[in-house]
Structures are given as C-alpha cells and as structure tokens.
C-alpha cells in the first residue's frame, strides 16, 4: 500500500497520520514504537508543482526497515518521452515536481541510491544534500554520471532517497586552546588501515 498521492492542504490530522502509518507498517509495530513511542512520525508537507505529474507516488519507504524514502524523477511534460540523459561526468538537476515544508528542528538529506551508484555510476555530487526547514523552493536532485556510458533517467524513476533527521544548532566560541585527547591532531588515515 502506498501513501496517499495528494491531500488537500490542512486535511491531514493526527488520527489520519496514525491510520496511514498503521496501514503501511502495522498498528503497533515495534519499529514504530521505537521511533516515536505511541505518537506518530513528524510530517513533511508536500506541494506539487503546477506542471508535475500527480499520478506518480509520493516519496515512500519501500520496506518497514528502510531509513530512506525513495524519491522519483518527475519530469516536465516536454522531457517525459525522452527522459533526462546524463553523459559521463555530466551533472544535472533532476526535478521531482515537489516543494516541501519540513518541520522546524529537522532537515531533509538527499542521498544516492546504492543500486544506481554501483550499477551505473549515478550518484550525487554533494552527498548528502541538505534541505533546510525554511526552504520552500522546488525540490531538485543534483545528479552526476560517474559511469563510462550515457545514462537516461526516465519519468517516474526512483533517483535518490530522502532522510529526515533532527537538527541541533550549536553555539560557537573562540578559545585560547582546545582540550587534549589521545588522538590529538591525527587525521586522514592516522588510525591505520587495519
């Protein structure tokens, strides 16, 4: 069962969220309780672009244990037949047809799909990409072809995965010295290979 394709603004109540989640993963699954106790997951609000294909599924978790929700290429009408072709080493922004409202205190990370990366060399040049909670523009996925052959992203292909994670904003303070540790300033392989 997939998440609902589209909901009118303001129509998703907590009881609706619980019902959708329960139908997808089971009423009181251990997984759900481990994440949110007896509550529900934070909700990312989604707005389709005017030109977007609303028949494509929303981002979705393909298994109950999936950390990332797969997001799809939602190409403009004039690109849907031919797709978006990336030559080797070419970069492009692949549209998703979505805008998002991420809850305050969270970020959305855009990460590569391992199958695309290992089989075809399709990955993200800035992985993970970060979408801030106050961003309201179009959601595009920066792709790069690290393979040795052209690759075509078709309309509706799963192109990346999104992970929504809590954010901690820290303070910054200039000091005269840093505390000592056993590691010290060792970096870039200083702990050895084995």
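Each reported figure results from applying straightforward, stated rules to the coordinates on display, with no laboratory input. Everything numeric here is computed off the predicted structure, so don't read it as measured data. Cβ: placed from backbone, ideal geometry, glycine included. Neighbour counts: every protein chain shown.
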Simple SL model, points at 7 angstrom along Cα→Cβ for residue 163 and residue 104; separation in nm is 2.6 nm
In square nanometres, what is one fourth of the surface area of the convex hull spanned by the alpha carbons of the range 75-143? 5.4 nm²
Assign one of three labels to the range 109-152, namely rounded, prolate or oblate, based on the Cα gyration tensor with a ≥ b ≥ c the square roots of its eigenvalues; rounded applies when a/c is under 1.5, prolate when it is not and a/b is larger than b/c, and oblate otherwise. prolate
How far apart, in nm, are two points set 7 Å out from the Cα along the Cα-to-Cβ line at residue 89 and at residue 174? 4.2 nm
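Ranked highest first by the average count of other Cβ atoms within 10 Å around their residues, in what order do 70-79, 116-125 fall?
Answer by packing, highest mean first, reads 70-79, 116-125.
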Dividing the alpha-carbon radius of gyration of the range 130-194 by 2.2 N^0.38 Å (N being the number of residues), what value is obtained? 1.92
With Kirkwood's inverse mean 1/r over C-alpha pairs for Rh, give me the Rg to Rh ratio of the range 74-194, two decimals please. 1.11
